[in-house]
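*Asks:* Would you mind keeping the following structure in view while I ask a few things?
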Amino acid sequence: MQQKLVNSRDNALLARASKVVPNGVWGHMATRAIGPGYPQFFAKSDGCRVWDVDGNEYIDFMCAWGPNILGYKQPDIDRAAIDQIGIGDIGNGPTEVMVELAETVVDTIDYADWALFQKNGTDATTTCVTVARATTGKRKILVARGAYHGAVPWCSPSVVGVTTEDRAHLILFDYNDRASLDEAVAQAGDDMAAIMMTAFRHDVNRDQEMPEEAFLKHARAICDRTGAALILDDVRAGFRLDVRGSWARYGVKPDLGAYSKSIANGWPLAAVAGSKSMLEGASKIFVTGSFWYGSAAMAAALKTIEILRTTDALAHIEAMGQRFRAGLTEIAARNGFELSQTGPVQMPMVRFLGDEDLTIANAFCAAALRHGIYLHPRHNMFLCAAHQPADIDRALEAADAAMKDTIRTAR
């Protein structure tokens, strides 16, 4: 059923926010940057669905930008966190749950010998960089051109409020390009602390690109030769593709890995996993946060990892992703569109070929909202274990209707 999307309450909240939040929600969470017609405020979430403050319901394919891996309000996970709150969440130091979670992370991630915990993905990537520099005594960090590693000055994609000095020790290379990486290594000379890469190339508004095994092994060999750390930024993909780490299938083990998003199914937590080679450096650094020892999120993470390890949740997510991708391909062809669908099916990037200015994508996604599905025109999306075949089929029906609407508005 098509929704009216009046958004009157959403607009009222946006007006209020603009008076007390710099640039409204645009400057704080960037939700207005998605595309025209998107609601900014949400009232509730459940399973694979979200409801905006005007009561419109959507089958959600952003999953809170990744944290929802097993379903919003997953009862076992929420009960574990709430039970821990009943005992005590935060105090003058960690609880036993932190030790249990560190043991679980070490037992789960194939290269992990130790773990540290934070609250945000940027906390984790920054800690990885700090550990690498402490271990090696070097400064240069090699990162792939266009990659996103967080929203702090050393790696922020925005140059506003950022000085040249903040990024002085970053050297860029092209993902999956061995020659480009070799050039960056030569530029770093004897001052290279780390090579840092995302699990796969998931830059905004471009086709996603899976890592080439030979490229990863080349990077591993460079780090083995130079003593630099190989860092896996698994914040976005971690635990959704493989609980052992997203590079486990390639047989490549990083020295450090950054995690957040899916680790606790929406409860606020991040983690760094590291190998023995990084232990001494990790033992020397000082990193902390006022809420980093909160045990409720750690209890949620314990239950999340348990479910991921003991059920077919990841296989189910992959199957639903395949179902969605195949259905979109068929619907697009029927409506005279050609799609580029790239990356893992669990984290799909969907683009319309020839749509460089996003005219078609924006029109389609706006129409999709009216038909009850929440998509993104230029960012990778996410599926979760709460997506069932009926949800995918209903979403495909909505996508078909949205493409028909798009034919009328964007052509």
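The values are calculated or read from the model by the stated rules, or taken from the named source; none is laboratory data. The shown structure was predicted, so the numbers you read here are calculated from the model rather than taken from an experiment. Don't worry about glycine lacking a Cβ; one is built from the backbone with ideal geometry, like all the others, and counts go over all protein chains shown.
*Asks:* Can you tell which of D405, D391 is touching a residue at least 12 places away in the same chain (Cβ under 8 Å) and within 24 Å of the chain's Cα centre (by Cα)?
*Replies:* That would be D391, the only listed residue that is touching a residue at least 12 places away in the same chain (Cβ under 8 Å) and within 24 Å of the chain's Cα centre (by Cα).
*Asks:* Turning to a different aspect of this structure: Show the residue pairs that are 6+ apart or on different chains and have beta-carbon atoms under 8 Å apart, the first residue being within the range 353-371 and on the phi < 0 side of the Ramachandran plot, the second being of a type in the set (K, R) and assigned to a helix (DSSP H, G or I).
*Replies:* none
Residue-wise test of (1) of a type outside the set (A, V, I, L, M, F, W, C); (2) closer than 22 Å to N265 by Cα; (3) at pLDDT 95 or above; (4) touching a helix residue (DSSP H, G or I) at 6+ places or on another chain (Cβ under 6 Å).
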site: G281; (1), (2), (3), (4): yes, no, yes, yes
site: K284; (1), (2), (3), (4): yes, no, yes, yes
site: A297; (1), (2), (3), (4): no, yes, yes, yes
site: A301; (1), (2), (3), (4): no, yes, yes, yes
site: R325; (1), (2), (3), (4): yes, no, yes, no
site: E338; (1), (2), (3), (4): yes, no, yes, no
site: L353; (1), (2), (3), (4): no, no, yes, no
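*Asks:* Quick one: what pairs do we get from the range 170-196, first residue in contact (Cβ under 8 Å) with a residue 40 or more places away in the chain, second of a type in the set (S, T, Y), C-beta under 6 Å, 6+ apart or different chains?
*Replies:* The qualifying pairs are M192/T226; A193/T136.
Here is a yes/no grid of residues against (1) under 22 Å from A124 (Cβ atoms); (2) of a type in the set (D, E, K, R); (3) out of contact with any helix residue (DSSP H, G or I) (no Cβ under 9 Å at 6 or more places or on another chain):
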{"site": "C155", "(1), (2), (3)": "yes, no, no"}
{"site": "V162", "(1), (2), (3)": "yes, no, yes"}
{"site": "N176", "(1), (2), (3)": "no, no, no"}
{"site": "A179", "(1), (2), (3)": "no, no, yes"}
{"site": "G189", "(1), (2), (3)": "no, no, yes"}
{"site": "M210", "(1), (2), (3)": "no, no, yes"}
{"site": "H218", "(1), (2), (3)": "no, no, no"}
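*Asks:* Ok, one more. Can you tell me which residue is surrounded by the most Cβ atoms within 10 Å (Cβ to Cβ) among those in the range 216-260 that are closer than 14 Å to A194 by Cα and of a type in the set (D, E)?
*Replies:* Among those that are closer than 14 Å to A194 by Cα and of a type in the set (D, E), it is D233.
*Asks:* Given T135, T127, which one is farther than 27 Å from E212 by Cα and either acidic (D, E) or touching a strand residue (DSSP E or B) at 6+ places or on another chain (Cβ under 7 Å) (or both)?
*Replies:* Result of the check over T135, T127: T135.
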